[in-house]
Amino acid sequence: MKRKQIYTGLWASLLLLAPAVTSTTSAHATDIQTGQQSVATSQLSASQSTSSQVASDQLVESSRQSQGTSSCSQVAEVPAKTAQTTNNQPVKSAAKAVLNQDYQGAMARGAQQLTTSQDTEVWAALARISSGAQLTTAQKATFHQVFAEELTGMAGHYSATDLERLTIGIAAIGEDPTQFNGVNLIAEIIKKAATAGITGQVYGIIALSTQDYGSQANQTINQLIDLVLKQQNTAGGWAFFGSVSDLDITGMTMSALGMHRDQPKVQSALDRAVALLKTTGFVKATGGFLIPGGFSTEENSNSTAMAILGLAAAGVNPATTFVGDNGATPITNLIAYQKADGQFRWMMGSDDGALSMSTEQAVYALGQYDYLLKGKGSIYNFKKVVTEPDPEPKPDPKPAPDPKPSIPGKKPAGESSASSSSEVDLDKTLPKQPGYKEDGMPLTGTTATQDALPQTGHQSVWGSVLAGLFMLLGVAGYQTRRLKQR
């Protein structure tokens, strides 16, 4: 009978212990399963990222290979997006888009074409840099050599426009036009720009605004602005000669004045020029620009590029302000001139003319449009922004000691014990907690249950099992004592 009661007590203890062990083991299994799921998810994400990178690399390689393919189409080819159905079968490619709005792709292909063709013109350097391309040290050295040879070839007979053009290129590659190949181009421009024609005055404003060249240069800029504003005709444009607005000169002038829009008289002139392009220059049927004159009676990429350049420099978005039939805009119109190899035609559907110049102007016009969308100002602004470093904080010679936390009822140091009869010294009344030093800091090493760190996994399971065994022994001993007492 006594043995039966002992066995009954043991089984009861096991029943009490089972839920705790089961719960601990289940929690450990859940932790393992969660960890496995986390690893699986991480592996899946890495796999997807790798697949995406491979697809991106294949697309870039395909784009590079397509640059060597020629095409007679009047509309630049647009890679069709590949869609997939639920059964992972690829859908047939969509038809070529009539209106290509991928200006960044067109700009990058044009800049790459200028690099491949080794175009070393000033405008090629401007186009490549405004497109976001980074020139290598060797490429900058090549441009430097070309610019230096051109300057030497002038033999001291500098025209204003030649000096201004070289200044733009020199500033674009990060060099100083005030001391280039032994010549101070800025000083020469200050001497000649005011007496030059409209182009010399316009590019004088641009060249002297590429960097900060001092008070004399700033005075010349204001003088040139006044001269240019006086030449604006009643229609709101500017002419190379005569009184009829020329689209190219108007766009160039707007790009120069756009660097000084903080002057009210400049902003007013720009508003009139924008109104001219809206009412007279914009061709809704194509999205391009045309003001028939002595240079051209047909639409061409150069004139449209200069109009885009001027509008974007003036803070006007040509893709939203000028929308023609079927959604055509100046941006889609300019992109339509691009060939499959990245070059831009001068006339639609024709390979005649200076395609290198058309490519240069198209790329840096799209670059100015990109600058507008990103709030980066003018593509001609090469002023270096110097960031002031944050001053290092001086160390406190006498750092204040960290205040000790106040405990209710504990007397501050130096206060008389008679100050408050209700205060109690907790250090004396409360017992020290196990695992802590006299100063209240936890013990380290193997004492105090490993600094009271929480234990998980197998440690928790075996801890529960050991606790259960002690419980069994305790219950068994208790039952044995009770039976002996009987």
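Hey, what's the range 160-265 come to in accessible area per residue, 1.4 Å probe, Å²? Let's see the in-between values first.
Numbers: 4140 Å² over 106 residues.
Accessible area per residue: 39 Å².
Accessible area of the range 203-291 with a 1.4 Å probe: how many percent of it is carbon plus sulfur? Ligands and nucleic acids excluded, carbon and sulfur reach 51 percent.
3J(HN,Hα) along the range 279-288, derived from phi through the Karplus expression 6.51 cos²θ - 1.76 cosθ + 1.60 where θ = phi - 60°, amounts to 7, 10, x, 7, 9, 5, 5, 10, x, x Hz, with x in place of Gly and Pro. Here the gap between Lys374 and Ala275, fully extended at 0.36 nm per residue and compared with their Cα-Cα distance, gives a gain of 33.2 nm. Taking a ≥ b ≥ c as the square roots of the eigenvalues of the alpha carbon gyration tensor, the range 133-174 is oblate, as a/c is not under 1.5 and a/b does not beat b/c.
Which listed residue (Gln104, Ser215, Ala155) has the Cα farthest towards the positive end of the charge dipole for the range 93-222, taking +1 on Lys and Arg C-beta and -1 on Asp and Glu C-beta about the Cα centre? Comparing the listed Cα positions along the dipole, Gln104 ranks first. The range 203-237 and the range 321-366 have their alpha-carbon centroids 29 Å apart. Packing here is the average count of other Cβ atoms within 10 Å per residue, and on that basis the peptides 250-261, 303-314, highest first, run 303-314, 250-261. With contacts taken as Cα pairs under 8 Å at a separation of at least 6 residues, the range 184-291 carries a relative contact order of 21 percent.
Taking the Cα centre of the range 228-345 as origin, work out the dipole magnitude from +1 charges on Lys and Arg Cβ and -1 charges on Asp and Glu Cβ, in debye rounded to 20. Spell out each step's value before the answer.
On the way: 8 positive and 8 negative charges, 49 e Å.
With Lys and Arg at +1 and Asp and Glu at -1, about 240 debye.
Give, as ranges by residue number, the residues of the range 203-236 whose backbone N falls under 16 Å from the point 7 Å along Cα→Cβ of Thr321. Under cut-off, by backbone N: 236.
The values are calculated or read from the model by the stated rules, or taken from the named source; none is laboratory data. The structure presented is a predicted model; accordingly, all values stated were derived computationally and were not measured. With ideal geometry, Cβ positions are generated from the backbone for all residues, glycine too; neighbour counts draw on all protein chains shown. These area figures cover heavy atoms from the full protein model, side chains too; ligands, DNA and RNA do not enter into them. Shrake-Rupley method; radii C 1.70, N 1.55, O 1.52, S 1.80 Å.
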